[in-house]
Structures are given as structure tokens and as C-alpha cells.
1. Look through the range 95-104, keep the residues that are surrounded by fewer than 17 Cβ atoms within 10 Å (Cβ to Cβ) and of a type in the set (D, E, K, R), and return whichever of them is farthest from ILE123 (Cα to Cα).
2. Suppose we keep only residues that are polar (S, T, N, Q) and free of Cβ contacts under 8 Å to residues at least 40 places away in the same chain within the range 108-142. Which one would you say is nearest to GLY64 (Cα to Cα)?
3. Among the candidates GLU162, GLU129, which residue alone is crowded, with 19+ Cβ neighbours inside 10 Å and among the charged types (D, E, K, R)?
4. Could you please tell me which pairs satisfy a Cβ distance under 6 Å, a separation of 6+ or placement on different chains, a first residue in the range 86-100 that is in contact (Cβ under 8 Å) with a residue 40 or more places away in the chain, and a second residue that is of a type in the set (Asp, Glu) and part of a loop (DSSP other than H, G, I, E, B)?
5. Give me the residue from the range 42-79 that is in contact (Cβ under 8 Å) with a residue 12 or more places away in the chain, among the aromatic types (Phe, Trp, Tyr) and assigned to a strand (DSSP E or B) and, out of that set, farthest from LEU109 (Cα to Cα).
6. Only one of GLU85, GLU99, GLU105 is closer than 21 Å to LYS30 by Cα and either among the small types (Gly, Ala, Ser) or assigned to a loop (DSSP other than H, G, I, E, B) (or both). Can you tell me which?
7. Tally the residues that are surrounded by fewer than 20 Cβ atoms within 10 Å (Cβ to Cβ) and β-branched (Val, Ile, Thr), restricting the search to the range 132-159.
8. Scan GLU161, GLU167, GLU129 and give me the residue that is in contact with a Ser or Thr (Cβ under 7 Å, 6 or more places away or on another chain) and either in a helix (DSSP H, G or I) or at pLDDT below 95 (or both).
Amino acid sequence: MEALIIVDMQKDFMPDGALPVPDGDKIIPKVEEYIKKFKEKGALIVATRDWHPPNHISFKEQGGPWPRHCVQNTEGAEFVVKLPEDAIIISKADKPDKEAYSGFEGTNLAETLRKRGIKKVYICGVATEYCVRATALDALKYGFEVYILKDAIKGINPEDEEKALKELEDQGAKIITL
């Protein structure tokens, strides 16, 4: 069994958002194409999201590195891709004092995938060198076969994105397009 994991495709990470990934919106059609393709194959569709409380530790006013973004139940936290009704939503970094870049960190994602007999995960979304990287590394750590959909990811800095992809490859992830 396979799963498509869509990482943090939220308004605040798009070009007009609070913490923009340059050209993050350009991958929306590709991500939606993959959603359709994987849905047709009967794969599990999972979407991770930052789901921060207003006083989250990662925010500058709390001493963190980032501007306020993806605050629970705000427009900025909304998904920018059309998800199937049966998609599993994984909310991360949803406690004031816990940061989480990976969709596995502080969530039941590994357990959810295992319960459904998932062996292979295909990962897309933003930002390559942050949450995509962390989610992929954890997927590898949990023993999943990991595929990064190169035409459906976007990083903040091209140099850091290349480093992250190299690291993922070195750890056993496969960088592909379908």
C-alpha cells in the first residue's frame, strides 16, 4: 500500500502569506494532479499542516525565529489544494511550547500509516529544506520507503533545497517524478 503525503500546502506559505515560499503557488497544479493520480490508484492521501496556537514558541514575539503563521482556524492556515473528503489531516506544532517540522513529530502519522499497511510514501509540498525534509527523514527512520516528488516540492533557497535533496538521497529516499 502507498500513501501520498502533502506537506504544509497552506495559504501562509504561499507568496502572499505570512511566511512565503517563493513560487510555492507554482506547484499547486502539480500537487493536485498527484492527488488525483494517487486517489485513482486507491492510495491513502495525507495532508500535514502547521496548526499553531496564537502564542506558539516559533513566533518572533515568543522568542522564536518566524513571523506568526498558520494560526489555528485562521485563513492563513487553510489548505491551498483541493483535498479529497477522505484525506487524513495531520496537525503539527499545535501546542504552544512544541515546535515540529516533521509530520511525524508529536502526531499519530506513523501509527496511522502502519495500521493501513502503508509501506511506500510519496512526499510533496513546502518547504523542501524544512518540513518536507524533516517529514521524509522521519518516514525513513520509521522504516517507510520514501519517494520525493521533485516536480511537486518547493524550497525557500535553491542552494539549501539542493543540499536537503542530497541529504535525503544519501539517507535512502528516492527523488523522482511520476
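1. Residues of the range 95-104 that are surrounded by fewer than 17 Cβ atoms within 10 Å (Cβ to Cβ), as a first pass: 95-98.
Narrowing further to those that are of a type in the set (D, E, K, R): 95, 97-98.
Numbers: LYS95: 24, ASP97: 27, LYS98: 23 Å.
It comes out as ASP97.
2. Looking only at the range 108-142, we keep the residues that are polar (S, T, N, Q), and these are 108, 112, 128, 135.
Imposing the further condition that a residue be free of Cβ contacts under 8 Å to residues at least 40 places away in the same chain reduces the set to 108, 128.
Working: ASN108: 25, THR128: 20 Å.
Step by step, filter the range 108-142, then rank; the result is THR128.
3. Details: GLU162 fails: crowded, with 19+ Cβ neighbours inside 10 Å.
That would be GLU129, the only listed residue that is crowded, with 19+ Cβ neighbours inside 10 Å and among the charged types (D, E, K, R).
4. ALA93/GLU99
5. Among those residues, the one meeting the criterion is TRP66.
6. Details: GLU99 fails: closer than 21 Å to LYS30 by Cα; GLU105 fails: closer than 21 Å to LYS30 by Cα.
Exactly one residue qualifies, and that residue is GLU85.
7. Count: 1.
8. Step by step, each of GLU161, GLU167, GLU129 is checked, and only GLU161 is in contact with a Ser or Thr (Cβ under 7 Å, 6 or more places away or on another chain) and either in a helix (DSSP H, G or I) or at pLDDT below 95 (or both).
The values are calculated or read from the model by the stated rules, or taken from the named source; none is laboratory data. If you're wondering where the values come from, they're calculated on a predicted model, not measured in any experiment. Neighbour counts run over all protein chains shown; Cβ positions are idealised from the backbone, glycine included.
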